[in-house]
Structure formats: C-alpha cells, structure tokens
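Just below is one structure, and these are the notes that go with it.
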Amino acid sequence: MEGRTTADLGVRLRTLLADAEIVGADDVSVAQCAVEAHLCRNGDVYFALGDDALDGHDRAAEAVRYGASAVVASRPISVNAPVCYVPDVREAYGRVCHALAGNPSQKLPTIAVAGSFGKTTAGYLIASVLQAAGRTSGVIGSLGYCDGEETADARWSTPPPPVAAAWLSRMSANGCTHAVVEASSRGLAQGHTAGMQFDACCLTNLYRDALRSDGRRCDDRPLAARLLEQLSPEGVLIANVDDAGSAALAAEHEGPVITVGLNAAAELSATLLERCRWEQTFLISFGNEVVPVRTRLVGPHNLSHCLLAAAVGTVYGIAPEVIVRGLESVRELPGRLERIECGQPFGVFLEEARSPAALEVCLETLRGATERRLRCIYATDPVVAETKEHATLGGELQRVIQRWCDDAIVIGRNAASRGDYRRQAVAERADAIGRALREAESGDCLLIVGGGEPSNGEAEHSPVDWDDRQFVRRWLYQRYADGDALRRTA
C-alpha cells in the first residue's frame with residue numbers, strides 16, 4: 001500500500017465528504033492520513049482500504065493503538081476513536097489526499113487517457129502536441145513521471161492518490177500548463193484516480209472481457225464510465241468510435257464529446273496513404289481542412305492514437321500545422337513497437353505488450369508490412385505459471401502468435417516439453433534472441449516481446465542490467481556495422 005500522507009494544513013471531513021456519517025465526534029480534521037495500520041502515528045486518520053489479501057477494516061483497532069485519531073470506514077467497526085463512515089473508502093481517501101495537496105488537478109488542466117491498450121502512446125502524443133504549441137505538460141504514465149523538470153521511473157502506471165497528488169503539485173509549481181495522466185484499468189479499479197478532476201478524457205478502446213497481463217479478466221467499460229464522472233463541468237470526452245465500447249460511452253455521455261475514427265463516421269478522421277514497417281503517411285481531416293502526417297509509429301492503432309492527440313490539440317485551440325509537428329516529433333516510444341535499426345536487412349521490433357489484445361494489434365501491423373517470415377520471441381513465464389489465470393493468459397498469447405506468425409522461439413526451461421514444429425524452445429533469453437537474429441534473412445521481421453531478463457542468475461548479465469535493446473544493438477553492430485559503430489554503443 002501507499003503508506004501515509006501529510007500536509008501542513010488540514011481538511012475537515014464533514015466539509016469535504018458530504019455523504020459521510022461521523023460517529024463519535026462532530027467533525028474530523030485531517031492533516032495526516034495513513035492506509036497501513038502499523039504506519040499510523042499520533043493524530044493520523046486511518047483509511048480502512050483493502051485488497052485481495054487483507055481488508056483494512058480488520059486492522060482498524062491496530063491503527064488506533066498505533067495512534068490514529070480517527071478511522072474512515074465503509075462498514076461497521078468497533079474502535080476507541082471517532083469513525084467516519086463513507087460509501088467508498090478509496091474514493092474518500094483520494095479526495096482527502098488531493099485536498100491536502102491543494103487540489104492541483106483543479107488548477108492545472110489535466111487530461112486522462114484510458115483504454116484497454118494504447119494509453120502510453122496516446123499520452124505521449126498528446127504531450128508532444130502540447131509541447132509543439134509552446135505548452136509545457138507533465139506526464140504520469142507507465143514510462144515514468146515527469147513534473148516538467150525532473151523525471152522518475154514509474155512504480156505504477158497510475159499511481160495511488162498521494163503519489164499522483166504530489167506529482168501534480170510539482171507540475172503546477174514548475175509552471176506546467178497541462179498534465180497528462182495514464183488511467184490504467186488496474187489503477188481505476190483500485191481508485192487511484194479518485195480525487196482528480198479532468199479537463200479532458202481520451203478513450204483509446206474499451207474491451208468487455210479484457211485479459212490483463214496478470215491473467216485476470218476485466219471489463220474496462222464500467223471503469224471508464226466511472227472515470228468520466230471526474231470530468232469537470234466543461235470537460236470534454238474524446239472517444240475513438242471505431243471501438244464499440246468507446247462509441248457506446250460517447251453516445252451516452254451528456255457533456256461535450258469529440259469523436260475520432262478511421263472507419264466510423266467521426267469529427268476527426270484519417271486516411272492512410274502509405275505504410276511500411278518503419279513509417280506510415282496519412283491525411284488528417286480537420287473539418288474542411290486536410291493535412292498530411294508522416295510518422296514512424298506504424299499500424300492502424302497508432303493512426304487512432306494520433307487522432308486522439310489531434311483532437312486534444314483542437315480542444316486547446318492549437319492550429320492543425322502545429323498539431324502535425326507535434327505528432328511527427330514522436331519518433332518512437334520504448335517497448336511500443338520500438339524499431340531497432342543497425343543496418344540489418346530485416347526488421348527487429350521490441351514490444352512490451354503482454355496482453356493478447358495488445359500483442360495482436362502489433363503482430364497484425366507487422367504481418368501486413370513483412371515481406372517474408374514474421375517471427376515472435378517470447379518468454380513462457382505466463383504459460384507455466386502456477387495459477388489458472390496465468391495459464392489462460394499463456395494459452396491466449398500462444399493462439400495470437402500462432403495466428404499471425406510463421407513461427408516462434410519460446411524462452412524458458414519448461415518450453416521444450418511444449419514445443420512443436422512452429423515453436424523452437426530455448427532456455428536462456430540471450431540465446432533465444434541471438435538464435436533469432438542469426439537465423440533472420442532479408443525481408444524477415446522479428447518481434448521480441450517483453451523487456452526481458454536472463455532466466456537465472458548465472459547468465460552473463462544480472463536481471464537489473466539486462467536490456468533487450470542493448471543486446472540486440474550490440475549483436476547487430478558486430479555483424480552489420482563497423483567497429484566505430486560498436487564502440488559508440490559501449
């Protein structure tokens with residue numbers, strides 16, 4: 001969990017939480033709050049959150065013993081302290097955290113990006129469009145957090161309320177004009193966006209039966225519907241109406257809506273002119289104005305992401321030619337169909353996607369741009385995991401790969417027993433990637449799935465140091481480039 005949150009100025013729960021019932025006191029003032037009982041200190045207010053393993057209500061008495069002055073709960077508890085009863089503890093916790101931080105999302109136009117996949121790419125395209133127009137945006141997402149001056153690695157795609165509130169406050173203090181926040185399904189389910197107010201919300205796609213990377217199924221549509229409740233009164237929904245789930249929410253939404261689409265009728269649309277495996281060119285229609293865009297982000301899904309970012313640009317009055325400059329500035333994103341080019345006569349791409357839906361759009365894109373053989377290199381971790389959920393995930397990943405690829409190399413010590421004529425089994429990641437590169441011929445395309453690390457500690461690199469892109473670049477430079485090129489990567 002997230003620990004404790006502090007602020008110099010407190011907030012009063014009766015004022016902040018209109019639907020609360022307070023027992024044992026007229027009101028509760030909060031200057032410090034905690035969600036882990038053992039971290040409570042004198043004067044803290046304990047929020048009884050729960051997860052799959054533990055219900056925080058069961059630790060409320062312990063929190064009071066450690067010094068909690070009050071408890072926020074959603075079901076009856078018996079403690080020697082005032083209790084504030086609310087319908088949803090996570091929602092209350094988020095609202096308190098952001099209030100303690102001064103509600104930065106109400107001062108800084110904040111844009112949420114939600115969907116089953118594609119959130120990271122769409123978010124960075126939005127930030128780039130804003131930057132092209134001279135705006136400064138902070139970013140919270142799976143590739144890291146940026147407050148306009150400093151960046152940090154992301155522990156969560158969508159961080160919990162105290163972390164999100166702190167980063168939004170830093171963005172505001174550093175002069176950012178906007179914030180772009182990735183709203184993951186897991187983050188939404190855990191209430192991590194609670195307390196935020198959004199100026200705009202972009203929907204990439206919403207799947208009814210999405211299979212997440214942890215092997216669990218999730219309906220993303222009700223989560224996104226709850227997110228839309230956090231739009232400001234003038235907030236705008238921007239929806240990809242090629243996707244049925246997003247189109248349905250757009251049709252039901254009572255506030256302002258901008259639609260984008262490649263196939264469905266939409267206010268912003270795109271027409272593909274040319275696509276190869278390293279770039280695509282298309283036209284964006286802004287009403288009666290049509291402008292060309294050339295981007296290294298390939299595939300129809302990335303056309304949709306460009307349209308979402310373009311729509312955000314129109315919301316903030318950015319001229320079409322400036323929007324295009326922002327779109328074209330994003331040349332690649334780490335692990336999002338990231339192209340590795342070192343002079344080799346075949347394509348090599350890195351992809352972090354581990355959900356079947358995200359992997360399928362990548363393979364479908366590469367299949368259409370590959371002259372000869374399409375090959376996937378992936379680890380068996382989901383396939384051989386102990387849980388039923390991960391076994392299901394592994395099976396669906398295999399079916400997607402078999403549908404689109406000519407063959408695959410499976411990494412893992414248990415892969416050999418599952419091999420067949422289209423799947424070679426290799427125990428170590430470095431050996432598997434090296435074999436794929438060695439066997440690749442002109443016109444082939446390789447997709448390496450996952451960030452990757454050696455499968456045991458005896459490998460040449462430690463898991464912390466391992467990086468697929470560096471391994472691939474060194475291998476390719478040794479074979480296809482001169483010694484100077486190799487030294488530049490050392």
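Values quoted throughout were computed directly from the atomic coordinates according to the rules given, and no laboratory measurement underlies them. All of these numbers come straight from a predicted model, not from anything done at the bench. We place every Cβ from the backbone using ideal geometry, glycine too, and count neighbours over all the protein chains shown.
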CD proxy at 222 nm, helix term only [per DSSP H run n ≥ 4: -39500 (n - 2.57); per residue of the chain; nearest 500]: -10000 deg cm²/dmol
Size of electric dipole in the range 101-329: Cβ of Lys, Arg +1 and of Asp, Glu -1, about Cα centre, debye, nearest 20: 480 debye
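Viscosity 1.002 mPa s, temperature 20 °C: what is the translational diffusion coefficient of the range 69-147 from Stokes-Einstein with a Kirkwood Rh over Cα pairs, rounded to a whole number of µm²/s? All intermediate terms of the calculation are to be shown ahead of the outcome.
Details: Rh = 15.7 Å.
Diffusion coefficient, whole number: 137 µm²/s.
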The range 1-149: radius of gyration over Cα atoms, expressed as a fraction of 2.2 N^0.38 Å: 1.23
Residue-by-residue Karplus 3J(HN,Hα) for the range 258-273, coefficients 6.51, -1.76, 1.60, Hz, glycine and proline x: 10, 9, 10, x, 9, 10, 7, 5, 8, 6, 10, 9, 9, 10, 6, 9
Electrostatic dipole magnitude of the chain [Cβ: Lys, Arg +1; Asp, Glu -1; Cα centre; debye, to 20]: 660 debye
Selected from 232, 73, 29, residue furthest toward positive end of dipole (the chain; charges at beta carbon): 232
Positive-end residue, the chain charge dipole about Cα centroid, Cβ charges, pick of 131, 185, 476: 476
Shape call, the range 116-254: gyration tensor on alpha carbons, a/c limit 1.5: prolate
Residue (of 400, 98, 432) at the positive-pole extreme of the chain, dipole from beta-carbon charges: 432
Sequence of 46, 145, 378 once ranked by neighbouring C-beta atoms within 10 Å, starting from the fewest: 145, 378, 46
Gap separating the Cα centres of the range 218-234 and the range 137-213, nearest whole Å: 14 Å
Sorted by Cβ density within 10 Å, fewest first, the residues 51, 468, 406: 51, 406, 468
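To the nearest 20 debye, what charge dipole does the range 4-96 have about its Cα centre, counting +1 at the Cβ of each Lys and Arg and -1 at the Cβ of each Asp and Glu? Let's see the in-between values first.
Values: 9 positive and 14 negative charges, 49 e Å.
That gives a dipole near 240 debye.
Given contacts defined as C-alpha pairs under 8 Å and at least six residues apart, what's the relative contact order of the range 101-329, whole-number percent?
Reported relative contact order: 21 percent.
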